[in-house]
1. What's the magnitude of the charge dipole for region 11-131 around its Cα centre, counting Lys and Arg as +1 and Asp and Glu as -1 at the beta-carbon? Answer in Debye, nearest 20.
2. Between residue 25 and residue 124, what is the label-to-label distance in nm when each label sits 7 Å out along the Cα-to-Cβ direction?
3. Taking 0.36 nm per residue of sequence separation and subtracting the Cα-Cα distance, how much length would be gained by fully extending the chain between residue 117 and residue 67, in nm to one decimal?
4. With no solvent and one point on each alpha carbon, what is the Debye value of log10 I(q)/I(0) for region 11-131 at q = 0.14, 0.17, 0.21, 0.22 Å⁻¹?
5. What percent does the relative contact order of region 1-130 come to when contacts are Cα pairs within less than 8 Å and at least six residues apart?
6. Starting from the 7 Å offset along Cα-to-Cβ, what nm value, one decimal, do you get for the label separation of residue 107 and residue 7?
Amino acid sequence: MSSERFDAATAADGLMLVQFFATWCEPCVEEFPALDRLSRRFPGRPFTVVAINIGEPETRIRRFLDRVPVGFPVLLDPDKATMKAWGVVGLPATFVLAPGFRPQHRVEGAIDWESPAVVATIASALDAAAAQPRSVNPPEPINQKGRLP
């Protein structure tokens, strides 16, 4: 966890795994080391892991990360607004987002992030993301009055 802001736009062209967690959630705590290893499993590929802590004080999260260090960004959702917006009802909750932040997979509950099936699914999603053409949609034209047609 750092004081820097996370710019999700830097991961827009790749695959992003977003996990909602809490330090009191035993399955969440158990998954963190495996998620960290997964985050480093595809070097040079556009794959980002991000964790979002739900409603805990920053000091508690920092103590947790001292015990369980990870190399991916850990963000805070102190008022649980993001959790609610994403429809998360239980922890851990994980989303795999395709390029452009399109939801591709949703996992509610614990999962073995190092199982061959899960790793193959992530690798396949990365391959599919790499095969997609990278085009930037131009902005809509603006009419004479400054409004979109």
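All of the numbers you see were taken from the coordinates with simple rules; none came from a lab. Quick caveat, the model's predicted, so the values are computed rather than measured. Cβ: placed from backbone, ideal geometry, glycine included. Neighbour counts: every protein chain shown.
1. Its charge dipole is roughly 180 debye.
2. It works out to 2.5 nm between the two label points.
3. 15.1 nm
4. -0.56, -0.83, -1.26, -1.37
5. On the way: 208 pairs, mean separation 44.6, N = 130.
Relative contact order here is 34 percent.
6. Reported label-point gap for residue 107 and residue 7 is 2.9 nm.
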